Amino acid sequence: MLNQAVAFHQAGNLAEARRLYEQVLRTDPRNFPAQYQLALLLYQQQRPDALNAVEAALKLNAGSREALLLHSVLLMGRGQLEPALASISKITAGNSRDLQAWHNRGVILTRLERFQDAAAAFERALAIAPNAESWDGHGSALHLQKRLEEALRSFDNALKLAPQFVAALCHRGGVLADLRRYGEAVQAFEAALARSPDLFEAWSNRGSAFYEMERMAEALESYDRALALRPRHAPDWINRGKALEVLERVDEAIASYDRALSIAPENAEAWYARSLTLRTMHRFEEALANVDKALAIDPHARPALVQRAWLLCELNSITDGLVVMAEAADQAIKSGLVAGLPTSPHKRRHDAEQREYLAARGISVNEGGSHLAEGGKISGPAIDRANIESASSQWIGRRPGIAVIDNLLTAEALERIRRFCWESTIWHKSYKDGYLGALPEHGFACPLLAQIAEELRDTFPGIIGDNRLRMMWGFKYDSRLKGIGIHADQAAVNVNFWITPDEANLNSDGGGLVVWDAVAPDDWDPAKYNGDEPGIRAFLAQAGAKPVKVPYRANRAVIFDSDLFHETDTIEFNEGYLNRRINITMLYGRRTYYGR
């Protein structure tokens, strides 16, 4: 009867096979083969009682390899990973050469996020017999450890054994994307799709690769294909919204985020992404409400905290905004995010000079350490109001607007902001041309900066108008290297002022700013007007544009229409820490925004 049941089972007649297995067990309850085969049949039928059946088989034969394998698979399917590991460990104990058991152990350990142990288990399987599945598992375990080049080699080994292995192709594409080799990643995803056109993961990841390549139309097409397969996958509705925003289809972007939130109302990323788009549309109050929902769900989401800070600034609550920004900076420092930023030789030279300067003032900061100088508001004004008439007449007198203001800050404000910039270890962003950036989210967010930004807005209403503070930063330069290349900014009004003492500048006719009397074309996107130097130069030559050269002076501000192309003039400053050229930039309003 058992043989007949097995024959039915092998022929696919599961109903008759099950009837006979159960009949055997009624006659002989301790018949292990019948009990195991019944458990296997129930597993193939995806019946929940399969686990009880295999556990009954293990009571009859606790050491059965087949039953232990099935038991571990069933437990893993229920998410009971530790019991699954215990079950498979009974096979892999000692010097077992059971390939399937070692492979399954690797799968379980990967799901337990014990990636190093998982890689070792797959290596044991591969030592028994090289096979594509174990190479694929090994690559995944290495990928999850961020060992990207090693992971790539494992996936390549899998594909040498099985060139049509769709999962390995897809996983290989994921590693290539993490290596920022996006074109190759797309090729891998497309190879997987050629063999499996309805593979959701490949369409989704293809979309993300195209997004990183800034090929938004193709990214959107990929996300749409992925969502046709899994309409309730909220992350791809979010990704789709991001691509639509870049394509300036902002209403559709909002609708896409809304679809994500209808599926997953507690998805913090969807609320955050929606807030970003609303901010771009100048719907600041709604954007703030959305980012607050994101932070209520995930209070430690630092990008959302930074977004909240900028929204408060754009709602004219600059002091409150920089308080929130300081909180985000503190998170970045404590989490090690700042310490992990890319460095450069000129940054390391600057940091060594700064530590020496601080040590001479009795402030000890270790390499990689942090120190924030006092940067509170001053009791008197920060902006010298004697400049109002001169600045306004310059701004009104020429279009596009440019105004040069000497003695922008009061003496007390200038001295305070210098000390803050000299003493604070906030110069974390390194640029290849030789300058360093201090960003608000990294600590450039003291109350004095808020006071300066607020007083600029209130002192020069004829220039700044209704435009809100949307960005600011500090730049510090190496006397031997270049400054910022030619570009325009995504803003309406640019306020740029210098604070290093005049005696540091070796060329009193230079070292400042060159502003061209030509604006960026309306149809140029930020990547074009902020990064395509050859294209900008060609445009300026064709337009017959003329440069306006503003020499460096301490406490001099250049206020100009952010549409105007501008660049740092040639820098010739003395050596020495306190002689490094420092400028502070505050941007008000937007060059344009989608929908207007």
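Observations
- Spin-label model, His300/Glu190: points 7 Å from Cα along the beta carbon direction are separated by 4.1 nm.
- Within-12-Å neighbourhood charge of Phe573 [Cβ basis; K, R +1; D, E -1]: -2
- The distance between label points at Ile363 and Thr319 comes to 2.4 nm (points 7 Å beyond Cα on the Cα→Cβ vector).
- Taking other residues whose beta carbon is less than 13 angstrom from the beta carbon of Asp478, and scoring Lys, Arg as +1 and Asp, Glu as -1, yields +4.
- Among the trypsin sites (Lys or Arg not before Pro) within region 412-444, those in coil by DSSP and having at most 12 neighbouring Cβ atoms inside 10 Å are Lys432.
- Orientation-averaged projected area, Cα convex hull of region 356-588 (nm²): 12.9
- If you wrap region 248-309 in the convex hull of its Cα atoms and look at it from every side, the mean projected area works out to 3.7 nm².
- Relative to the globular-protein estimate of 2.2 N^0.38 Å, the Cα radius of gyration of region 320-410 stands at 1.60.
- Region 94-191: translational diffusion in µm²/s, Stokes-Einstein, Kirkwood Rh over Cα pairs, 10 °C, 1.306 mPa s: 121
- Across region 67-76, rounded Karplus estimates of 3J(HN,Hα) from the backbone phi angles (6.51 cos²θ - 1.76 cosθ + 1.60, θ = phi - 60°) give 5, 5, 4, 5, 4, 5, 5, 5, 5, 4 Hz, Gly and Pro being marked x.
- Per-pair calculated FRET efficiency, R0 = 51 Å: Gln46 and Leu337 via Cβ, rounded to 0.05: 0.70
- Contact order relative to length of region 356-588, as percent, for alpha carbon pairs under 8 angstrom and 6 or more apart: 28
- Relative contact order of the chain, defined on C-alpha pairs under 8 angstrom at six or more residues apart (%): 9
- Loop chymotrypsin sites (Phe, Trp or Tyr not before Pro), region 86-161 (other Cβ atoms within 10 Å of the site Cβ: 16 or fewer; DSSP): none
- Square roots of 5 times each gyration tensor eigenvalue, C-alpha, the chain, largest first, Å: 62, 26, 23
- Gain on full stretching of the segment that runs from Glu55 to Lys528 - 0.36 nm per residue minus C-alpha separation: 163.8 nm
- Over the C-alpha trace of region 195-250, radius of gyration and Dmax come out as 10.4, 35 angstrom.
- Prolate/oblate/rounded call for region 217-286, Cα gyration tensor, a/c under 1.5 rounded: oblate
- Cα gyration tensor shape of region 517-596, rounded if a/c is under 1.5, else prolate or oblate by comparing a/b with b/c: prolate
- Dimensionless Rg/Rh of region 422-533 - Kirkwood Rh, Rg from C-alpha atoms: 0.95
- For region 1-52 versus region 120-149, the inter-centroid distance based on Cα atoms is 35 Å.
- C-alpha long axis of helix 533-543 to longest principal axis of the chain, angle in °: 40
- Directionally averaged shadow of region 86-131, computed from the convex hull of its alpha-carbon atoms, nm²: 2.9
- Förster radius 41 Å - calculated FRET efficiency between Glu150 and Ala62, Cβ distance, rounded to 0.05: 0.60
- Taken over region 144-217, the ratio of Cα radius of gyration to 2.2 N^0.38 Å equals 1.03.
- Three-way shape call for region 22-100 based on the alpha-carbon gyration tensor, with the a/c threshold at 1.5: oblate
- Label point 7 Å beyond Cα of Ser392 along Cβ direction - residues of region 454-478 with amide nitrogen under 18 Å: 455-467
- Inter-site label distance for Lys432 and Arg348 at 7 Å from Cα along Cβ, in nm: 1.9
- For Glu327, neighbours were defined as the other residues whose beta-carbon sits under 15 Å from its Cβ, and their charges (Lys and Arg +1, Asp and Glu -1) total -2.
- Mean-position separation - Cα centroids, region 282-340 and region 182-255, in angstrom: 28
- Computed over region 420-472: relative contact order in percent, which uses C-alpha pairs under 8 Å that are six or more apart: 22
- Using only alpha-carbon positions in region 427-479, the gyration tensor eigenvalues give semi-axes of 26, 13, 9 Å once each is multiplied by 5 and square-rooted (largest first).
- Order of Asp523, Asp178 under a 10 Å beta carbon neighbour criterion, fewest first: Asp523, Asp178
- Once divided by 2.2 N^0.38 Å, the Cα radius of gyration of region 117-167 becomes 1.01.
- 3J(HN,Hα) from dihedral phi, region 106-116, Karplus parametrisation 6.51/-1.76/1.60, rounded to Hz, x for glycine, proline: x, 4, 5, 5, 4, 5, 7, 6, 9, 5, 5
All of the numbers you see were taken from the coordinates with simple rules; none came from a lab. As the structure is a prediction and not an experimental result, all values here were calculated from the model. Note: ideal-geometry Cβ built from the backbone for every residue, glycine included; neighbour counts use all protein chains shown.
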